[in-house]
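**Student:** For reference, the structure I am asking about is given below.
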Amino acid sequence: MEKKASGPLRCLVTGAAGFVGSHLCEGLLALGHTVAGVDNFFSGRRENLDPFASHPRFFFHERSITEPGLLEDLHKAHGPFHTVFHLAAIVSVPYSVEHPEETYHVNERATVRLLNDAEKLGVRSFVFAGSAAEYGIQDRMPLRESNAGDGTRWLSPYGEAKYRATMAVASRRRRPRGVSLRCFNIYGPRQDPSSPYSGVISRFVDMAVAGRPLTVFGDGLQTRDFVFVDDVVEAYRHAAASADESANGPCGIYNVGSGRPTAIVDLARLICRLTERPESITFCAERPGDIRHSTASIEAISRDLGWAPRIGLEQGLRRTIQWMRGAAQPTGVKASPDGDGSENKPRREL
Ligand SMILES: NC(=O)c1ccc[n+]([C@@H]2O[C@H](COP(=O)([O-])OP(=O)(O)OC[C@H]3O[C@@H](n4cnc5c(N)ncnc54)[C@H](O)[C@@H]3O)[C@@H](O)[C@H]2O)c1
């Protein structure tokens, strides 16, 4: 059994200016780690970097993950990375349908190249942002990690590219040890509500705060599994630690969700209540290609990594609403040059 790394580590976060990536950078900085962040602002925003851009242990590179030699350049600039957290991706499913080749290039091929370069450069662990979209069309819930396979009917190039990249990451038997986290519907502060393809919570909260009716596609009885962004950051840290701990131990694919289905219409009602708005919900035509139900089994990640979500839907929504109203409040551990974030320490973490 190899020894678990301790003390401050040097990490790379791709997609650092994104919704989840920016929270992850902040969480790692708060724990004392040094973070190099990469983003080309394809969908990320400069404002997301603002809370920690001038942190003395944060280094930002505006580059694309598709550039050959990227990891080698960063290795030369900063020294060896202990962990690569690879979150950069084309994240819009409809965009991936319109631009399949670009999606495979960014989401699959660039991931495989980063992985190979990580091996050459001695990176110890590689944690990848997989997705629930890897499951495609499925009848039975909750979804278990074994439910996606080569016979899966994916709904988009996004889902298929994520699946292939996950398999490349999780099937490694050499360093870096790879873990893919198949996240379900992540929500929280900084999620961009402006695109029609944004997460349903950011769109609903945006509509409610602006006093507009909430638009539900279809009958609203379709269900999703929502997980708060701080819990996702914890899952990334647990995954990195587990990949670091042993040469043959947990290393693979894990769902990250709440394990609970929430009907979209119930979500809309809850957001109306929490924003103290009259219940104003408009139903419109179902969107073609939308799956009916999606719920994670979180048995494997709880058992192997000791992770479980801590923030319930109502609490997470309150924080999201508060952020959307412009009264941003701390979302878990905050980056500070000397803060150790110990108040949020889970059992096993990077
Ligand atoms: N948000 C969710 O509900 C959810 C669910 C499952 C999986 N994921 C995955 O988690 C990761 C983060 O998602 P997010 O919600 O924060 O989305 P996001 O769009 O906010 O973040 C993705 C980031 O990647 C960057 N990026 C895209 N192409 C790039 C390139 N070629 N080079 C460098 N940077 C590039 C974007 O600019 C953006 O900052 C993604 O891989 C996504 O597929 C998200």
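**Student:** Treat each spin label as a single point 7 Å out from the Cα along the C-beta direction, and report the residue 303 to residue 171 distance in nm.
**Tutor:** 2.3
**Student:** Starting from the residue with the highest accessible area, list 280, 96 in decreasing order, probe 1.4 Å. Intermediate values should be presented prior to the final figure.
**Tutor:** Details: 280 45, 96 0 Å².
In descending accessible area the options line up as 280, 96.
**Student:** Within 10 Å, at most 16 other Cβ atoms, and a DSSP state outside H, G, I, E, B define an exposed site. Report the longest part of the chain free of exposed GluC sites (Glu not before Pro). Working shown, then result.
**Tutor:** Working: sites that count: 2, 276, 279, 286.
Longest gap between qualifying sites, sites excluded: 3-275.
**Student:** Once you charge only the Cβ atoms, +1 for Lys and Arg and -1 for Asp and Glu, what is the size of the charge dipole of the chain about its Cα centre, to the nearest 20 debye? Working shown, then result.
**Tutor:** Values: 43 positive and 41 negative charges, 127 e Å.
That gives a dipole near 600 debye.
**Student:** Then there is this: Which order do you get for 254, 95 if you rank them by accessible area with a 1.4 Å probe, largest at the top? List each step's numbers first, then the result.
**Tutor:** Numbers: 254 10, 95 60 Å².
If we order 254, 95 from most to least accessible, we get 95, 254.
**Student:** For the range 54-100 and the range 269-320, what is the separation of their Cα centres, given in Å?
**Tutor:** Spelled out, the Cα-based centre of one part sits 29 Å from the other.
**Student:** Could you give the length gained on full extension between residue 66 and residue 263, defined as 0.36 nm per residue of separation minus the Cα-Cα distance, in nm?
**Tutor:** Stretched out fully, the residue 66 to residue 263 stretch lengthens by 67.1 nm.
**Student:** The range 154-194: which trypsin sites (Lys or Arg not before Pro) are DSSP loop and have at most 10 other beta-carbon atoms within 10 angstrom?
**Tutor:** Details: sites: 162, 164, 172, 173, 174, 177, 182, 190; in loops: 172, 173, 174, 190.
Of the trypsin sites (Lys or Arg not before Pro), the ones in loops of the range 154-194 whose Cβ has at most 10 other Cβ atoms within 10 Å are 173, 174.
**Student:** Hey, another quick one. Which value, in debye to the nearest 20, gives the size of the charge dipole of the range 80-164 about its Cα centre, when Lys and Arg are +1 and Asp and Glu are -1 at the Cβ?
**Tutor:** Working: 9 positive and 11 negative charges, 56 e Å.
Its charge dipole is roughly 260 debye.
**Student:** Given a 1.4 Å probe, how much area per residue of the range 1-92 is accessible, in Å²?
**Tutor:** Working: 3640 Å² over 92 residues.
I get 40 Å² per residue for this part.
**Student:** Any idea which of 284, 69, 268 is furthest toward the positive side of the dipole for the chain, if Lys and Arg beta-carbons carry +1 and Asp and Glu beta-carbons -1?
**Tutor:** 69
**Student:** What spacing in nm lies between the two simple spin-label points modelled at residue 273 and residue 54, each 7 Å away from Cα in the Cβ direction?
**Tutor:** 4.3
**Student:** Put +1 on the Cβ of every Lys and Arg and -1 on every Asp and Glu Cβ in the chain; which of 326, 252, 312 then has its Cα farthest towards the positive end of the dipole?
**Tutor:** Projecting each Cα onto the dipole axis, the largest value belongs to 252.
**Student:** State the extension gain, in nm to one decimal, for the chain segment bounded by residue 315 and residue 285, taking 0.36 nm per residue of separation less the distance between their alpha-carbons. Numbers along the way, then the final one.
**Tutor:** On the way: separation 30, 0.36 × 30 = 10.80 nm, distance 3.03 nm.
Result: 7.8 nm gained on full extension.
**Student:** Listed highest first by mean packing, meaning other Cβ atoms within 10 Å per residue, what order do 221-232, 35-46 come in? Intermediate values should be presented prior to the final figure.
**Tutor:** Working: 221-232: 22.6, 35-46: 20.8.
Answer by packing, highest mean first, reads 221-232, 35-46.
**Student:** In the range 173-247, what percent of the accessible surface is made up of carbon and sulfur (1.4 Å probe, ligands and nucleic acids excluded)? Write down the numbers at each step before the final one.
**Tutor:** Values: 1080 of 2010 Å².
That fraction is 54 percent.
**Student:** Next question, about the same structure. Could you tell me what percent of the accessible area of the range 57-120 is made up of carbon and sulfur, with a 1.4 Å probe and every protein chain present? Mind showing how you got there, number by number?
**Tutor:** Values: 1630 of 2870 Å².
Here carbon and sulfur together make up 57 percent of the probe-accessible area.
**Student:** Leaving out ligands and nucleic acids, note down the accessible area per residue over the range 151-310 with a 1.4 angstrom probe, in whole Å².
**Tutor:** On the way: 6140 Å² over 160 residues.
Result: 38 Å² per residue.
**Student:** Given R₀ = 45 Å, FRET efficiency for residue 212-residue 146 by Cβ-Cβ distance, to 0.05? Intermediate values should be presented prior to the final figure.
**Tutor:** Values: r = 42 Å, r/R0 = 0.93.
With R0 = 45 Å, the Cβ-Cβ based efficiency is 0.60.
The values are calculated or read from the model by the stated rules, or taken from the named source; none is laboratory data. Everything numeric here is computed off the predicted structure, so don't read it as measured data. Don't worry about glycine lacking a Cβ; one is built from the backbone with ideal geometry, like all the others, and counts go over all protein chains shown. Just so you know, the surface numbers come from the protein's heavy atoms only, side chains and all, with ligands and any DNA or RNA stripped out. Shrake-Rupley method; radii C 1.70, N 1.55, O 1.52, S 1.80 Å.
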